[in-house]
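A.B. asks: My structure is below; once you've seen it, I'll send some questions.
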Amino acid sequence: MTTPRIEVDLSKIRHNTRYLVERLKARGITVTAVTKAVCGHPKIAQAMLEGGAVDLGEARVSNVKRLRGAGIKTPITLIRTPLLSQADLVVGSCSASFNSEVDVIARLAEAARKTKFVHSIMLMVEMGDMRDGIMPENVEAIARQVTAMPGVTVRGIGANFACLSGTAPTTSKMNDLSAIASHIEQTYGILIPVISGGNSANLPLALGQHSGGRINNLRLGEVILLAVESVSGDKINGLFTDAFTLITEVIEAKSKPILTKALFTDPALQALRLVPDNNHAMRSILAIGKQDTDIAGLTLPIGVTCLGATSDHMVIKSIRSHPRVGSALKLQMNYSALMRAMNAPDITKVILNETPFKKRSSAHRDGPDVALV
């Protein structure tokens, strides 16, 4: 089979989504499944929906077009502030969008009026991550302007955590976000049905004893795909961590002398992580490099060490066995590595277990669904 490739086990993605949806449902929280890390792959998105996600979240219009082109009619929310130049495309393909700029919302309203659609606006509030969002003291003024614009409606508010600054969500911040929504409702006599508290970083708080406020939606991507909590990097019990596997091929296997750093003249090569050894060591080269993925985000099999990487090569050493030319190695990816690998044109994406399993009794839903391929 072609290498390099990513094998995607849809049965594990369905399980992860269903497990999270059922646990959060008991807290009154719905799940928006975020597909940006997989470039809006329609089959992966469909698996998330089959797992119980109420809608999809995407960051790029090109990915939304891919989903729509595949026949997915589920509501899609653009979770990155729309480009002014893409207002017509956003209104035509997304049911809602997160926004923090009045000028952009005005352009969306204009585009919506042309099509006679009403586009839903989610106001993004800055709660400490210092990426996108309206400062809390300015939300009321912007809400006033938006409510006066024909063509759009305020559907909800949201916040983001642990993306730029690493700021973690807290019960206090959830209460503050909820209070902003309540204040807007009381001031303008409108209902704000969706309060989206954040992303995968919110999961421990949402499932804890004091989640806080009126939060009724989370946007989950990383935790569904990789079973990882964003802030701590901890694995989530009950979820599959290997829904995605990167498989690459050995293209060279030779014994070579180990050079000392003093022999390197290129400063970039000085940074190579060398493994102490005898005068010679068996090295293998994998046909994958920095152009394909985030090398630092890869987890190698036990006993295999990365010695360094260039644009198209990854050099490894194995203490247990010496992979032969043509043999394949299976690697696991973190979120950064997954995003880049899914976007790499030279990495083939292989989908496994496309057909959903029949529903099992509730007594079996907490355990992983094992699929034999």
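A.B. asks: Select from the range 184-228 the residues that are surrounded by fewer than 23 Cβ atoms within 10 Å (Cβ to Cβ), of a type in the set (Ser, Thr, Tyr) and outside any loop (DSSP other than H, G, I, E, B) and list them in ascending order.
C.D. replies: Thr187, Tyr188
A.B. asks: Right, something else. Could you list all residues from the range 155-169 that are of a type in the set (A, V, I, L, M, F, W, C) and surrounded by 24 or more Cβ atoms within 10 Å (Cβ to Cβ)?
C.D. replies: If the condition is that a residue be of a type in the set (A, V, I, L, M, F, W, C) and surrounded by 24 or more Cβ atoms within 10 Å (Cβ to Cβ), then Ile157, Ala159, Phe161 are the ones that fit.
A.B. asks: Across the range 1-29, what is the total count of residues that are touching a residue at least 40 places away in the same chain (Cβ under 8 Å) and out of contact with any Gly (no Cβ under 9 Å at 6 or more places or on another chain)?
C.D. replies: Of the residues in that region, 15 qualify.
A.B. asks: Let me ask something else about it. Return the total of residues in the range 85-125 being among the aromatic types (Phe, Trp, Tyr) and either surrounded by fewer than 20 Cβ atoms within 10 Å (Cβ to Cβ) or more than 21 Å from Gly40 (Cα to Cα) (or both).
C.D. replies: The qualifying residues number 1.
A.B. asks: Filter the range 211-247 down to the residues that are β-branched (Val, Ile, Thr) and in contact with a Lys or Arg (Cβ under 8 Å, 6 or more places away or on another chain), then identify the one that is nearest to Lys330 (Cα to Cα). Explain how you work it out, then say what you get.
C.D. replies: Of the range 211-247, the ones β-branched (Val, Ile, Thr) are 215, 223-224, 228, 231, 236, 241, 245, 247.
Still in the running and in contact with a Lys or Arg (Cβ under 8 Å, 6 or more places away or on another chain): 228, 241, 245, 247.
Details: Val228: 19, Thr241: 14, Thr245: 6, Ile247: 5 Å.
In this case the residue turns out to be Ile247.
A.B. asks: Picking from Asp292, Asp242, which residue would you name as being under 24 Å from Leu56 (Cα atoms), modelled with pLDDT of 80 or more and of a type in the set (Asp, Glu)?
C.D. replies: Step by step, each of Asp292, Asp242 is checked, and only Asp242 is under 24 Å from Leu56 (Cα atoms), modelled with pLDDT of 80 or more and of a type in the set (Asp, Glu).
A.B. asks: As an exercise: evaluate Asp55 against (1) under 15 Å from the mean Cα position of the chain (by Cα); (2) buried (at least 22 other Cβ atoms within 10 Å of the Cβ) and give the number of the one condition it does not meet.
C.D. replies: Unmet condition: (2).
A.B. asks: Now for a different question. Could you check how many residues of the range 289-325 are more than 23 Å from Pro257 (Cα to Cα), exposed (fewer than 13 other Cβ atoms within 10 Å of the Cβ) and touching a strand residue (DSSP E or B) at 6+ places or on another chain (Cβ under 8 Å)?
C.D. replies: 0
A.B. asks: Return yes when Val64 is buried (at least 23 other Cβ atoms within 10 Å of the Cβ), touching a Cys at 6+ places or on another chain (Cβ under 7 Å) and at negative phi and no when it is not.
C.D. replies: So Val64 fits the description; yes.
A.B. asks: Please find, among Ser321, Ser336, Ser362, the residue that is outside the structural domain of Cys163 (by TED's automatic domain parsing), at pLDDT below 95 and closer than 30 Å to Met48 by Cα. Before you say what the answer is, go through the steps one by one.
C.D. replies: Details: Ser321 fails: closer than 30 Å to Met48 by Cα; Ser336 fails: at pLDDT below 95.
The conditions single out Ser362.
A.B. asks: Let me ask something else. When you go through Ser172, Ser232 one by one, which is the residue that is surrounded by fewer than 21 Cβ atoms within 10 Å (Cβ to Cβ), free of Cβ contacts under 8 Å to residues at least 60 places away in the same chain, hydroxyl-bearing (Ser, Thr, Tyr) and in a loop (DSSP other than H, G, I, E, B)?
C.D. replies: On the way: Ser172 fails: in a loop (DSSP other than H, G, I, E, B).
Result of the check over Ser172, Ser232: Ser232.
The values are calculated or read from the model by the stated rules, or taken from the named source; none is laboratory data. The structure presented is a predicted model; accordingly, all values stated were derived computationally and were not measured. Quick reminder, even Gly has a Cβ in these numbers, built from the backbone with ideal geometry, and neighbours come from all protein chains shown.
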